[in-house]
1. For segment B:147-160, enumerate the residues that are in a helix (DSSP H, G or I) and surrounded by 19 or more Cβ atoms within 10 Å (Cβ to Cβ).
2. Here's a check for you: in segment C:18-53, which residue that is in contact with a Pro (Cβ under 6 Å, 6 or more places away or on another chain) and open to solvent by less than 50 Å² (accessible area, probe 1.4 Å) is modelled with the lowest pLDDT?
3. Report whether or not A:Gly124 is at positive phi and not assigned by TED's automatic domain parsing to the domain that holds A:Asp90.
4. Give me a count of the residues in segment B:182-195 that are within 18 Å of the chain's Cα centre (by Cα) and either in a helix (DSSP H, G or I) or modelled with pLDDT of 90 or more (or both).
5. Mind listing whichever residues of segment A:74-131 are of a type outside the set (Ser, Thr, Tyr), closer than 23 Å to A:Ser183 by Cα and open to solvent by 50 Å² or more (accessible area, probe 1.4 Å)?
6. Which count do you get for residues in segment B:218-236 that are modelled with pLDDT of 90 or more, part of a strand (DSSP E or B) and not hydrophobic (A, V, I, L, M, F, W, C)?
7. Given B:Thr241, B:Thr208, B:Thr253, B:Thr265, which one is at pLDDT below 75 and of a type in the set (Ser, Thr, Tyr)?
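The values are calculated or read from the model by the stated rules, or taken from the named source; none is laboratory data. Since the structure is predicted, the reported quantities are computational estimates derived from the model, not experimental observations. Don't worry about glycine lacking a Cβ; one is built from the backbone with ideal geometry, like all the others, and counts go over all protein chains shown. The protein model used for the area step is the full one, side chains on, heavy atoms only, and it has no ligands, DNA or RNA in it. Shrake-Rupley method; radii C 1.70, N 1.55, O 1.52, S 1.80 Å.
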Amino acid sequence: MTVPLLEIRDLHVQFPVGGSLLGHNKRLLRAVNGVNLSLAQGECLSIVGESGCGKSTTALAVMGLQAPTSGDILVDGKTIIGDATLSRMDRARIAQMVFQDPYASLNPRQTVHQSLSAPLRLHGASKSEANDRIADILKKVGLLPEHAARYAHEFSGGQRQRIGIARALILDPRILMLDEPVSALDVSVRAQIINLLLDLQEDLSLSFVMISHDLGVVEHMSDRVAVMYFGQIVEVGRWDAIFANPTHPYTRKLIATIPDPDTILHPHRNRATAAAPPPPAGFYFHPETTDRPDVYAAATPSDLIEVAPDHFVRCAT
Amino acid sequence: MTDTPLLELKNLHVGIPKRDGYLDIVKDVSFSIMPGEAFGLVGESGSGKSLTALSLIRLLKKPLKVSKGQILFKGRDLQTLSDREMRGLRGERIAMIFQEPMTALNPLKTVGRQIAEMFVLHRGMGWAEAGRKAVDALASVKVPAPEERVLAYPHQMSGGMRQRVMIAIALACDPDLLIADEPTTALDVTVQDEVLKLIGELCAARGTAVLMISHDLGVIANMCQRVGVMYSGRLVEERDTYDLFAAPRHPYTKGLLGALPRLGTRHGAAGRQRLVDIDGLIKDREALLQEFCFQPRNTIRDPRLRADGAA
Amino acid sequence: MRRFNLNLWLGGVLTLLVITGAVFAGYLTSLDPVFDANLMHAEEAPNGQFWFGTDEQGRDVYTRVLYGAQISLTVGIVSQIINSIIGLSLGISAAYWGGWWDDFVNGLTNVMLAIPSLIFALAIMAVLGPGLPSLLIALGLTNWSWTCRIARSSTLSLKGQGYVQAAQTLGYSDIRIMATQLLPNMVGPILVISTLGIGSAVLAEAALSFLGLGIRPPFPSWGSMLTGARELIVVAPWAAVFPGLAIFITVLGFNLLGDGLRDYLDPHMRTRQ
């Protein structure tokens, strides 16, 4: 078996919360509670779940913006955690991020050119190389070279997101981390950005990790899908397996609650949820909002079981 | 159902006053809502859907004004009411819930007090009685342990619970019309589902009409009997929800539906179709608006007739 | 369609008036503030020759007020620049790095806020001795806590913005992020607090000089002029009134300017059309 491009092994991220000045009564919030994931070259892996489920923290850990409490992250089979020989510069070429809010993700005091050229210059490009690269990347994301002289506020939300994508691609990273890349955008603009991302993935053979709660977008873009629930992965598999045969009750609930215009057209085709077999006993799922799993507790000794080839579901033992 | 609309907008224009007349942002919007009916306004940001809603309750921000047209609520033109009469109507007959419940609730008062205020203000109850009613109101929006929760402050509740409190406040006086402006956009999907179901159930039980404003076609489709699609300040299509989603007529509506990545539309591993690019579709926005725009109709009252008549 | 900003205009005009007086003092008067003393004209009331009157040594109060503006503004602006540098570097780095450094800076800021800055400056002056350089140091070291607080809170809110995170992932060094991503985005509030700071530094200079710890006579500082005029308050009140008025106008000017700037910058940079 080939070595995956990115591999996350038993990742834990914990935050101390509450407690007094002297450190009494501090509890550990287990934001990410033993996550294992892998991403193959050229693949789009989506992590779905609701706010607070740990999907963003996982992404930040991969980006090096959040130090993991334990666990390992490997790129091409080599660890990138705690490796002193790996500089910020090297790390910048591994993964780059596209942020959710196109209004907060661009520095209002910098022109597009400034925000794109600074990283290039930092990584040793000459002035003319940088200019060529910027013109090239702007064209790739569907903007014009003359847009480089403008400030962020002169662009619409969709154009800003294109600039955000250009900035993420400027150093030619191996992985693009998409943090809710379209959820702040209008429907029509959303479609353009999704099309753009899929085109770029094909042209530049990029690998995506996408964080999203929008299952419509996830189904459209992903190769593999991981469903996260309170710091743990409860179901992971190929996109068609997840959407056609969701097995974990939480996944089913998630899919069933998406407001989908098609449900009024086909009220009796209650999508995949109807066809799925009842879950085996002992699933790690707490159905009511008032009765959520304890995020302070250590990971329960539960396993992902393989219900079909490359389709894993968590079952509490 | 009577055939007198609860709310009727006739050629509504909203604009910014200029030296020579108005710069209109909402142009010539006409629709009506029957008692107990759920009507959806869908559109992208800047389409004018929220301004339309704010003009209904006369809460437009400073330079904006209704420049032309009528807003008839139970046959009375809201434009002609005094500020005092309008205040009496807001909260009492027309209630509103907003996107972000945290900013709409007062952080310094318990949620129970904020609900009770509605009864004191509009029903003239004493605080003790209003407080008891507040517990009932919280129970009706399915907040667990309402006797304890009335004493909670907004920041002690989750987003979904806060939105339930907003709904309890809005429905406290049994209004005739509930305006819900993106009520679930800030919520997670499973919570959104619960809140939408709650709004649907409560309004159906009380016969409250709903004006639901959203950018999310899925939300509108599942909540509303009729939908108006707004684009660039105009109402470009107004139809029965089922008809609209089954066979959209206006090119913009078609584009909007095509631009949406919908569940179950991807077939096979390689079957990723490109989503419709509306900007590519719309070359000349004004021509598009003129070509297909629904003409204002004041005489035909039945929405079904209206939709067909315009085809 | 911005509303007319009275504070900004009035503050701007007053400040400009003071700055013009300071910069062009040599052109606005032909007399020397120190050496043109003439006891023949001592304690003259304002008249056509001496617009603001003269003091007990027959020096022109008008001339001395103009030259006093130079000292006051120098002290105000230079000490505020020192304050801003200290406050910004402490505030931004504390919020950005967090941990013990943040705790330390926070504690220091609170201590600074608890001690009245004039008393603190007084103590420093007592150690360094009077004179312009020690005045600049004393006032420059004692009034940075508000700048620090604002820089810290701005940084805390900016830190979560996408562009700051993006800069981190693009391999920027911490110092570069602070200088290029954080600092330019807090210019507005810092400008406001600095303007107000200049006003209070002018006031502090006057107070210290009045107490004899700042600028020593015969050099014209508004504070030291007030000291000298104290004994003349009955016979020659103009010798006290005009420097007092100058202090009032300057401090008022900078405070109005600060308030005006705050209003001007507050609705968050409308799109420049």
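1. As a first pass, look at segment B:147-160 and keep what is in a helix (DSSP H, G or I): B:147-149, B:154-156, B:159-160.
Passing the criteria: B:Arg149, B:Pro154, B:Gly160.
2. Within segment C:18-53, the subset in contact with a Pro (Cβ under 6 Å, 6 or more places away or on another chain) is C:33-34, C:52-53.
If we keep only those that are open to solvent by less than 50 Å² (accessible area, probe 1.4 Å) as well, we get C:33-34, C:53.
Values: C:Pro33: 76, C:Val34: 73, C:Gly53: 77.
Only one residue tops the list, namely C:Val34.
3. Working: at positive phi: yes; not assigned by TED's automatic domain parsing to the domain that holds A:Asp90: yes.
Taking the combined requirement at face value, the residue satisfies it.
4. Looking only at segment B:182-195, we keep the residues that are within 18 Å of the chain's Cα centre (by Cα), and these are B:182-187, B:192-195.
If we keep only those that are either in a helix (DSSP H, G or I) or modelled with pLDDT of 90 or more (or both) as well, we get B:192-195.
Here the count works out to 4.
5. Within segment A:74-131, the first condition is being of a type outside the set (Ser, Thr, Tyr), and the residues that meet it are A:74-78, A:80-84, A:86, A:88-102, A:104, A:106-110, A:112-114, A:116, A:118-125, A:127, A:129-131.
Remaining after also requiring closer than 23 Å to A:Ser183 by Cα: A:95-102, A:104, A:106-108, A:112.
Listed by number, the residues that qualify are A:Gln100, A:Asp101.
6. Counting residues in segment B:218-236 that are modelled with pLDDT of 90 or more, part of a strand (DSSP E or B) and not hydrophobic (A, V, I, L, M, F, W, C) gives 2.
7. On the way: B:Thr241 fails: at pLDDT below 75; B:Thr208 fails: at pLDDT below 75; B:Thr253 fails: at pLDDT below 75.
Answer to the selection: B:Thr265.
This table checks each residue for (1) open to solvent by 60 Å² or more (accessible area, probe 1.4 Å); (2) out of contact with any helix residue (DSSP H, G or I) (no Cβ under 7 Å at 6 or more places or on another chain); (3) of a type in the set (D, E, K, R).
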site: B:Gln79; (1), (2), (3): yes, yes, no
site: B:Arg84; (1), (2), (3): yes, yes, yes
site: B:Gly91; (1), (2), (3): no, no, no
site: B:Ala95; (1), (2), (3): no, no, no
site: B:Pro101; (1), (2), (3): no, no, no
site: B:Val111; (1), (2), (3): no, no, no
site: B:Gly126; (1), (2), (3): no, yes, no
site: B:Ala130; (1), (2), (3): no, no, no
site: B:Asp136; (1), (2), (3): yes, yes, yes
